[in-house]
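Here is the structure we will look at, set down as structure tokens.
The values are calculated or read from the model by the stated rules, or taken from the named source; none is laboratory data. As the structure is a computational prediction, the values presented were derived from the model and not from experiment. All Cβ positions, even for glycine, are placed from backbone atoms using ideal geometry, and neighbour counts span all protein chains on display. Heavy atoms of the whole protein, side chains included, go into the accessibility calculation; ligands, DNA and RNA do not. Shrake-Rupley method; radii C 1.70, N 1.55, O 1.52, S 1.80 Å.
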Amino acid sequence: MKWYQEALEHGIHEPHSMTLSTVGVDGTPDARILILKDVDAAGWYFASSANSMKGIQLNNNPGVALTFYWSMIGKQVRIRGTATPMDRERSAEDFLNRGPVARAIALIDKQSSILEQQHDFHAALTEQLDRLRRDPAV
């Protein structure tokens, strides 16, 4: 984690932001920005819904690449490997440690879907926030 410490020491804004690259079911590459949740001797952790496009892609082909790029210090870190699902306990812990809005958005379960109407999203978000107020352990 020397590279991450260096990014912190240089004041890199959001040094945990990374590009996750996956492979689509048709074999084409796909990439998006995610947050590195944790890293330890067992692996690198990020969150994804199994129903999202990346979740579907990971289920079909678990080969991934992670890329961190910090232009301020002229450095990039590239990691390649195989994604595996977190165990249920760690996954639940990660979800419950998120803020209420992030949890509500995840509960909407519309990642990678086209948003037809902005008000539909706001209505769904309000509904899930109300659900979390009634039952914070959801």
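Given N residues in the chain, what is Rg(Cα) / (2.2 N^0.38 Å)?
1.17
What ratio of Cα Rg to 2.2 N^0.38 Å holds for region 54-105?
1.51
Quick one: accessible surface of residue 94, probe radius 1.4 Å, all protein chains present, in square angstrom to the nearest 10.
Surface open to solvent at residue 94 totals about 30 Å².
For every helix of n ≥ 4 consecutive DSSP H residues, a contribution of -39,500 (n - 2.57) applies; sum these over the chain, divide by its total residues, and give [θ] at 222 nm rounded to the nearest 500 deg cm²/dmol.
That calculation yields -11000 deg cm²/dmol at 222 nm.
Sort 58-67, 39-48 for me by packing, meaning the mean count of neighbouring Cβ atoms within 10 Å per residue, highest on top.
58-67, 39-48
Cut-off under 18 Å on the C-alpha distance; same-chain residues fewer than 8 positions from residue 2 excluded. Which aspartates and glutamates are left, in chain and number order?
Residue 2 reaches 14, 38, 40.
Using a 1.4 Å probe and ignoring any ligands, DNA or RNA, find the accessible area of residue 126 and quote it in Å² to the nearest 10.
70
Using the crude model of +1 on Lys and Arg Cβ and -1 on Asp and Glu Cβ, and no other charge, please compute the dipole size for the chain relative to its Cα centre, in debye to 20.
It works out to roughly 180 debye.
Please work out how much length the chain gains when fully extended from residue 39 to residue 108, using 0.36 nm per residue of separation minus the C-alpha to C-alpha distance, in nm with one decimal.
22.1 nm
Under a point-charge model restricted to the Cβ atoms of Lys and Arg (+1) and Asp and Glu (-1), what is the dipole moment magnitude of region 54-123 relative to its Cα centre, in debye to the nearest 20?
Result for region 54-123 is approximately 380 debye, rounded to the nearest 20.
Dipole of region 3-72, Cα-centred, from +1 at each Lys and Arg C-beta and -1 at each Asp and Glu C-beta, to the nearest 20 debye?
Using only the charged Cβ atoms, the result is roughly 220 debye.
Probe radius 1.4 Å, ligands and nucleic acids left out: which of 69, 4 has the largest accessible area, and how do the rest follow?
69, 4
Which order do 70, 3 take by accessible area at a 1.4 Å probe, largest first?
Solvent-accessible surface, decreasing: 3, 70.
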